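First up is the structure itself, then whatever we jot down about it.
The values are calculated or read from the model by the stated rules, or taken from the named source; none is laboratory data. The model shown is predicted, which means the values in this text are computed figures rather than measured ones. Quick reminder, even Gly has a Cβ in these numbers, built from the backbone with ideal geometry, and neighbours come from all protein chains shown. Remember, those area values only see protein heavy atoms, side chains included, never the ligands or the DNA or RNA. Shrake-Rupley method; radii C 1.70, N 1.55, O 1.52, S 1.80 Å.
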Amino acid sequence: MLCPYPSATAQADGKQGLMMFESVNAYAGDPILSLMDTYMQDTRDDKVNLTIGFYYDENGIVPDMAAVKQAKARLFAEPPASPTYLPMDGLPEYRTRVQTLAFGDALADVQARTATVQSLGGSGALKVGADFIKRYFPQSQVWVSNPTWENHHAIFKGAGFAVNTYRYYSAETKELDFAGMLEDLNQLPARSVVLLHPCCHNPTGIDLTAQQWQQVIGVIAERELLPFFDMAYQGFGQGLQTDTLAIALMAKTGLPFLLSHSFSKIFSLYSERVGALSVVCENPAIAHNVQGQLKFTVRSNYSTPPAHGARLVNLVLSDAGLTQQWQQELTDMRNRMQAMRSGLVKQLSEHRPDRDFGYLQRQQGMFSYSGLTPQQVARLKDEFGVYMISSGRVCIAGLNNTNLERTAIAIAAVL
Ligand code: LMR
């Protein structure tokens, strides 16, 4: 009988066996996650981690938020009755709470025509959304800001889309290139998918004003584009409600759009992978069908979502006391990041009075685009143990009163 596995006999003969995976390239690593690994291996005591988007407190610890901790204790004391699978689209009450959080005052404008599924963090929401739109808009291309979170490119390419960029950041002014952004959006064919950050733009920290959002939404409506908002930092910019301004404006138009929502940072629930995808449709009947197709997308990717993280978020958002406590903690996080940002600007201005750092102060949220070159970033790592993404993105939440001055001195030295 012919051996179905020729490699085994071939190798016994001392010849080359059948190669299956020889064309698999070595993984170059992820610009964010792999850098975090390098940071962890650095043995210097005074190293500073400004890499990944983790919220660290003043002690450099990723906090277990008190409201979430209480929710965990309650869940532990009263475990849910049925340990079976969640529905494909997740915990029903969680989905409703998440809609309330995302749409705020605009909820009434969209709720009946919105399909929402629980997702594996914000990335999972993007992936389910990308797979879903690829099925219905196979000819469409995706447009992301230049720059954007690196994984946006990977996720949409992975779903089979061509991914292009629209102008966003001007390296020359270190500010938003709004004219360029509008000009680019104004060229797009109908049904192009436009990825937008409603608040705390990652990586630049540069957000649009209300008036600028009105203009962008005007272009979206006129050119019949499909906006996909990615909201991973709601509440880290100006507040839970203010940060959803773009979404509220979009909701008022009555037009369709997608929204991915992450609770990794704002509930400090990174490893639970908890988020949501909402698709706002034209009317409730369409939303019903879309909900079904999102379920299918989930089923064919990973079947059903995990329960624990969603139960925690649902518990916090369904209990008035816990919600209030969580909101206060979120406010404290935002205020701490704002203080660190101002502190960095102050220190940099003292050490480099020849430079204007006003642009850093005008950015908001968890990240700052420092304007440092990859070479300067490499020097910071090698000579000072200060780690940031090679694009010059700084995670402001990695700063605290212990490492702030040292970091500013290091940056001032390489500038
Ligand atoms: C970041 O941008 O650092 C975070 O969103 C973490 C990640 O997954 O990249």
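Computed values, structure above
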| quantity | calculated |
| --- | --- |
| Computed lengthening from Gln361 to Ala412, 0.36 nm per intervening residue step minus Cα-Cα distance | 16.7 nm |
| Label-to-label distance, nm, for residues given as Thr304 and Asp37 (7 Å Cα→Cβ offset) | 3.3 |
| Solvent exposure of the chain as accessible area per residue, Å², 1.4 Å probe | 46 |
| Spread of Cα-to-Cα distances over 10 Å intervals beginning at zero, given as percent, for region 123-185 | 22, 44, 27, 7 |
| When each of Lys157/Lys252; Lys127/Lys265; Lys69/Lys265; Lys47/Lys174 is checked by Cα-Cα distance, pairs over 22 Å | Lys157/Lys252; Lys47/Lys174 |
| For region 178-229 versus region 398-415, the gap between their alpha-carbon centres in whole angstrom | 34 |
| P(r) histogram, all alpha-carbon pairs of region 255-321 included - 5 Å bins from 0, percent | 4, 14, 19, 21, 19, 15, 6, 1 |
| Extension gain (nm, one decimal) between Ala108 and Ser390, 0.36 nm per residue minus Cα-Cα | 97.2 nm |
| Total formal charge among the other residues, if their Cβ is under 14 angstrom from that of Asp230, Lys/Arg +1 and Asp/Glu -1 | -1 |
| The chain - Kirkwood radius from inverse mean 1/r over Cα pairs (Å) | 22.9 |
| Where a label projected 7 Å from the Cα of Phe137 along Cα→Cβ would reach, residues of region 256-277 with amide N under 18 Å | 256-261, 277 |
| Label-point separation, Ala221 to His288 (7 Å along Cα→Cβ), nm | 2.8 |
| Length-normalised contact order for the chain - Cα pairs under 8 Å, 6+ apart - percent | 25 |
| Length gained when the stretch Gln375-Glu22 is fully extended (0.36 nm per residue, less Cα-Cα span) | 123.7 nm |
| Quotient of C-alpha Rg and 2.2 N^0.38 Å, computed over region 60-121 | 1.42 |
| Modelled FRET efficiency - R0 56 Å, Thr84 with Asn146, Cβ distances, 0.05 increments | 0.80 |
| Reciprocal mean inverse distance between Cα atoms of region 78-171 - Kirkwood radius, Å | 15.8 |
| For region 151-159, Karplus couplings with θ = phi - 60° (6.51, -1.76, 1.60), whole Hz, Gly/Pro x | 5, 4, 4, 5, 5, 6, 5, x, 8 |
| Region 176-325 - Rg and Dmax from Cα coordinates, angstrom | 16.7, 49 |
| Which of Ile206, Val219, Leu176, positive extreme of dipole for the chain (C-beta unit charges) | Val219 |
| Debye, to nearest 20: dipole size of region 290-341, +1 on Lys, Arg Cβ, -1 on Asp, Glu Cβ | 240 |
| Size of electric dipole in region 178-302: Cβ of Lys, Arg +1 and of Asp, Glu -1, about Cα centre, debye, nearest 20 | 420 |
| In region 65-170, the chymotrypsin sites (Phe, Trp or Tyr not before Pro) that fall in loop regions by DSSP, at most 11 other Cβ within 10 Å | Tyr85 |
| Mean-position separation - Cα centroids, region 232-271 and region 316-356, in angstrom | 18 |
| Three principal axis lengths of region 245-375 [C-alpha, angstrom, descending] | 60, 34, 33 |
| Surface/4 estimate of mean projected area, convex hull on alpha-carbon atoms of region 158-216, nm² | 4.9 |
| Sites matching chymotrypsin sites (Phe, Trp or Tyr not before Pro) across region 24-64 that sit in DSSP coil, with at most 11 neighbouring C-beta atoms within 10 Å | Tyr27 |
